[in-house]
1. Anything in the stretch A:46-65 that is outside any helix (DSSP H, G or I) and near DNA strand C (Cβ under 8 Å from one of its atoms)? List them, or say none.
2. Restricting attention to the stretch B:21-33, report how many residues are touching a strand residue (DSSP E or B) at 6+ places or on another chain (Cβ under 7 Å) and either surrounded by 15 or more Cβ atoms within 10 Å (Cβ to Cβ) or assigned to a loop (DSSP other than H, G, I, E, B) (or both).
3. Pick from the stretch B:33-45 the residues that are more than 9 Å from DNA strand C (Cβ to nearest atom) and in contact with a helix residue (DSSP H, G or I) (Cβ under 7 Å, 6 or more places away or on another chain): which of them is farthest from the other protein chains (Cβ to nearest Cβ)?
4. Applying the selection to the stretch A:77-94, what residues are crowded, with 19+ Cβ neighbours inside 10 Å and within 12 Å of the chain's Cα centre (by Cα)?
5. Residue A:89 passes all but one of (1) within 16 Å of DNA strand C (Cβ to nearest atom); (2) in contact with a helix residue (DSSP H, G or I) (Cβ under 7 Å, 6 or more places away or on another chain); which number fails?
6. Output the residue which, of all residues in the stretch B:71-83 that are over 30 Å from residue B:137 (Cβ atoms) and either part of a helix (DSSP H, G or I) or in contact with a strand residue (DSSP E or B) (Cβ under 9 Å, 6 or more places away or on another chain) (or both), is nearest to the other protein chains (Cβ to nearest Cβ).
7. May I ask you to say which residue of A:13, A:56, A:18 is crowded, with 17+ Cβ neighbours inside 10 Å, within 15 Å of DNA strand D (Cβ to nearest atom) and not assigned by TED's automatic domain parsing to the domain that holds residue A:126?
8. With the checklist (1) touching a helix residue (DSSP H, G or I) at 6+ places or on another chain (Cβ under 7 Å); (2) in a loop (DSSP other than H, G, I, E, B); (3) closer than 23 Å to residue A:4 by Cα in hand, flag the one item residue A:94 doesn't pass.
DNA sequence: AATCCAGATGCAAAAGCTTCTCATTTCTAT
DNA sequence: ATAGAAATGAGAAGCTTTTGCATCTGGATT
């Protein structure tokens with residue numbers, strides 16, 4: 001994923017957009033909030049406004065470079081979209097997020113939609129639980 | 001569901017709470033926002049503040065009388081909790097919401113959580129699509 | 001039935017996330 | 001290099017939801 005992708009999306013290749021894309025690529029935690037991105041920019045000495053971060057993330061989402069999730073709570077988290085669909089499993093204690101794809105579930109969803117008379121356009125499945133670490137007391 | 005349930009929840013049986021519970025019971029659309037409830041109250045000539053609606057809905061949620069969902073978009077929707085778990089399928093065009101339960105999916109979720117090392121505590125599956133009505137042009 | 005007080009309410013203000021406005025700056029095609 | 005369209009920064013505004021606080025009320029006790 002590079003500045004080429006920005007251009008392909010019909011967006012000018014500007015410093016804020018390049019920086020934000022870099023941050024998304026390098027994020028150790030794939031799922032970041034706008035605020036997270038903003039903080040990294042500040043720490044890196046960049047003078048990029050929070051409004052720009054929101055604008056760019058939304059544009060990236062529209063362009064399909066990024067996916068936006070609304071897990072529990074109010075604010076959005078963003079992750080690079082590498083083209084492979086997946087669902088999420090979240091730890092309610094530490095906030096850890098894992099990804100998974102389950103063929104059986106995918107297929108059932110299609111069938112459920114048909115049965116309900118819907119043309120499925122999208123779906124999201126969030127499983128909440130307590131991860132192994134937290135269960136073992138490694139808070 | 002009656003005022004008894006309010007008392008059982010450890011809450012005083014007040015006029016706002018009774019009215020709000022009634023509205024939830026009678027809502028033709030089972031899934032309502034706080035604003036929806038507030039409007040019905042106003043139309044009914046009740047002088048109940050929006051803040052109270054939020055407070056009461058949150059208390060009802062805590063008491064298990066009501067379930068809160070955060071579908072796409074920012075605001076919460078509430079529905080009476082009649083004890084039977086279900087998932088949701090939503091029309092992205094008209095906002096219609098249907099409910100379903102699928103045994104296969106439920107079971108797979110449990111398995112997926114285990115495989116990922118999680119103790120599943122909860123989950124939610126939202127299927128988005130276009131409902132029959134909208135597909136037939138009945139916008 | 002009158003009294004009392006913790007709990008509940010209304011209102012307005014505040015909070016938190018996100019978007020918008022607009023003057024200024026920066027790409028990029030020429 | 002230049003011009004024009006697009007993008008940005010800063011702060012104001014928007015929306016949903018929560019909070020602070022003075023007032024009110026349900027319901028337990030006289």
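1. So in the stretch A:46-65, the residues outside any helix (DSSP H, G or I) come out as A:46-49, A:64-65.
Answer for the stretch A:46-65, where residues must be outside any helix (DSSP H, G or I) and near DNA strand C (Cβ under 8 Å from one of its atoms): just A:49.
2. Start the filter on the stretch B:21-33 by keeping residues that are touching a strand residue (DSSP E or B) at 6+ places or on another chain (Cβ under 7 Å), which leaves B:24-25, B:30-33.
Subsequent filtering for residues that are either surrounded by 15 or more Cβ atoms within 10 Å (Cβ to Cβ) or assigned to a loop (DSSP other than H, G, I, E, B) (or both) retains B:24, B:30-33.
Of the residues in that region, 5 qualify.
3. Here is the first cut: in the stretch B:33-45, the ones more than 9 Å from DNA strand C (Cβ to nearest atom) are B:33-40, B:42-45.
Narrowing the set further to residues that are in contact with a helix residue (DSSP H, G or I) (Cβ under 7 Å, 6 or more places away or on another chain) leaves B:34, B:37-38, B:40.
Numbers: B:34: 14, B:37: 19, B:38: 19, B:40: 25 Å.
So, considering only residues that are more than 9 Å from DNA strand C (Cβ to nearest atom) and in contact with a helix residue (DSSP H, G or I) (Cβ under 7 Å, 6 or more places away or on another chain), the one farthest from the other protein chains (Cβ to nearest Cβ) is B:40.
4. If we filter the stretch A:77-94 for residues that are crowded, with 19+ Cβ neighbours inside 10 Å, which is where we start, we get A:77-79, A:87, A:89-91.
If the condition is that a residue be crowded, with 19+ Cβ neighbours inside 10 Å and within 12 Å of the chain's Cα centre (by Cα), then A:77, A:78, A:79, A:87 are the ones that fit.
5. (1)
6. So the residue we want is B:76.
7. Working: A:13 fails: crowded, with 17+ Cβ neighbours inside 10 Å; A:18 fails: crowded, with 17+ Cβ neighbours inside 10 Å.
Criteria check complete, one pass: A:56.
8. (3)
The values are calculated or read from the model by the stated rules, or taken from the named source; none is laboratory data. Not measured: the values here are computed from a predicted model. We place every Cβ from the backbone using ideal geometry, glycine too, and count neighbours over all the protein chains shown.
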